[in-house]
Every structure is written in C-alpha cells, then in structure tokens.
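The values are calculated or read from the model by the stated rules, or taken from the named source; none is laboratory data. Just so you know, these numbers come straight off a predicted model, no measurement behind them. Ideal geometry is used to build each Cβ from the backbone, glycine not excepted, and the neighbour counts take in all protein chains shown.
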Amino acid sequence: MTETSVATPRTTRVGLVGTGPWAGATHAPALAAHAGVEFAGVWGRRAGAAAELAAGHGTRAYEDLDALFAACDAVAFALPPDVQAPLAVRAAEAGCHLLLDKPVATAPAAARAAADAAERAGVASVVFCTLRFAGPTVRWIDEQAGAGGWFTARAHWLGSLYGSGSQSPYAASPWRREKGGLWDVGPHVLSVLLPVLGDVTEIRAVAGPADTRHLTMRHASGASSTATVTLSAPPAAAEVGLTLYGERGSVELPDWGDARSAFTGAVDALLEAARTGVPHACDIRFGVRLTELLAEAEGSVGAGGGAGDGAVRAAAPSAG
C-alpha cells in the first residue's frame, strides 16, 4: 500500500524593512507570531539595530536589501515615508508584495511612482492605516458605509507625542517632527471618512497651535466633515474620536484595541489579496489618494489657511 501525501500550503515569506520603535513594538512581533508567515529577515539602515531586532524574533538580519527582497514573497515597511516610497519601488520590481506604512510618501509623485511599480509587477499591496484593520473599527466602517444617509462628520486626533513631559520613543522621529500630526495621524482620520462619506472633493486646512491643523472637507456623497489633528496636545487633553451625523442620528467610532492586533489584520489582508488577486480597499492606490489630499491640505495652509507655529519646532525634545 502506498501512502498518499497531502500537500500543505507553504507559509508566505515576509521580510521587514525598518528597525525603529514602530518596527520593534508592532511589526516584528506580529510577523514572528503569525501562523501563515515565515518571518524571513530584517534589514535596516543601522546594521546593529537590524541584528538585534532579528535575533529577538528568531530570524536573520540582512546587510544587503536586495538579498532580503530575493528571499521574500512580501515585505513589510516601517520606515519614514519618503525613505519608504523609493524602496517600495525596488521591492515591487523584485516581485515582492507590499505591506506599507502610512503615509506611503509625502510627495504625491513619489507615492504614484510606487503604485505604478506595484501595478507593473502585478504585486498585491496594503497600506497599514490602523483603523482599517482593527476588528472593531473594520466592522463599524463597513456598517456605516452600508447604512449611508450621512449629513456630516466630526473627527479629532489629539496626540500628545510632543506634549509636556512626553517620553514617547516616537518623539525622536525626524519626519514626524518636520511634518506633524497632519501627516502622521491625518491618514488615520481620512482612512475612515473616505469609505463612509466618499472621496474628498474639496479640502482646506487652517493652522492651530504648534502642529495642529483644522481640516474642512466636502465629500462626493454631498456630506461635509471636519477634523482636528495634532501631535502636540497637552497630555491631559489627548483623545481620539470620530462621530457621524445623519438620518439615523449620530454614531461614534468604537475603541479599537492595540496596534499589533491591527497589524496582524493588515498581514491577513495582504495574504488574501496576494492569493486572490483582488485588491484590498486600503491598497497602495488608496494610499496615493491619501497623500494627494494631505499635500493639498498642507498647501492650503501655506496659501493663506493660517501660519501657525510650523510643525513641532516648539516642542520639547524627547530622550526616547
């Protein structure tokens, strides 16, 4: 009698590009724990940090980025946006599916170049906007988009990254210090408003204290929305909220849990898109649209939306 072997599906080899606090707290542990993933390796701009992160999660560090791409089916990025975008082009050209951080880039042309490369290569892509992959908020967004009838929305993301006494390791990030809350947490807010209210047809921004930006938007559905984003709120005022108002009254965005679980959901979404060939709604083309809108909002401030205090130059430095 001969035995019939049953083929088991091969796990997807996923590499990590980036070694900072976000990679260490979220990406690396989620990839190492994912049942459908072989955590294939880590590359970083600091070789020592890559070696340390890899050793802590049972994988290997690569000094040659192209060698990591060659060893992977997909690559997760945890890099500043304008470092991420050109490396995403290289990864796509190497045939790797892309799990990108938000924003894809801060220049629309760079974001489009990465999207074009992904399309030419035929690779799947997902942009990790936390609220689009955390279980409670995914369900809520789908429910509200299906319900329709929304008149307006109000959102605020008041981070205290640069608030007095902050010890957050993310406060040392040069790109966040330069670009502020508009680019760091603005994508999260837009990633909820667009699928529920429709694409933004008009956007304006007014500067508030430090990096605070107040956004007003008109959507394709006819609804309007407002959003306030900052990384410089006093710690006692730090808060996130989003409320929709419409024919059935008002509903509020639920709590969504931890970022690591949401990132696991993003990994699941990328694996599904790669398997089926069906693009995820929060793919690189959606990421391009976010970059376009944020750039337009940023430009409206410079065109008379208010000068404010710049990004976060008045914030106290962090030792993180």
- Note on the stretch 138-168: residues out of contact with any Ser or Thr (no Cβ under 8 Å at 6 or more places or on another chain) and either buried (at least 16 other Cβ atoms within 10 Å of the Cβ) or modelled with pLDDT under 95 (or both) are 138, 140, 141, 144, 145, 164, 165
- Task: Just give me the residues in the stretch 178-208 being over 17 Å from the mean Cα position of the chain (by Cα) and more than 25 Å from residue 280 (Cβ to Cβ), in sequence order.
- Result: 178, 202, 204, 205, 206, 207, 208
- Task: Considering each residue of the stretch 262-283, count those that are assigned to a helix (DSSP H, G or I), under 24 Å from residue 25 (Cβ atoms) and not acidic (Asp, Glu), and give that number.
- Result: 9
- Query: Of (1) in a loop (DSSP other than H, G, I, E, B); (2) more than 25 Å from residue 188 (Cβ to Cβ); (3) in contact with a Lys or Arg (Cβ under 7 Å, 6 or more places away or on another chain), residue 41 satisfies all except one. Which?
  - Reply: (1)
- Task: Scan the stretch 256-307 for residues that are at negative phi, at pLDDT below 95 and more than 17 Å from the chain's Cα centre (by Cα) and jot them down.
- Result: 301, 302, 303, 305, 307
- By residue number, the members of the stretch 40-70 that are buried (at least 18 other Cβ atoms within 10 Å of the Cβ) and within 16 Å of residue 91 (Cα to Cα) are 40, 41, 42, 43, 44, 62, 65, 68, 69
- Of the residues in the stretch 239-261, how many are in a strand (DSSP E or B), touching a residue at least 60 places away in the same chain (Cβ under 8 Å) and small (Gly, Ala, Ser)? 2
- So, of the residues in the stretch 145-161 that are part of a strand (DSSP E or B) and within 13 Å of residue 223 (Cα to Cα), which turns out to be farthest from the chain's Cα centre (by Cα)? 151
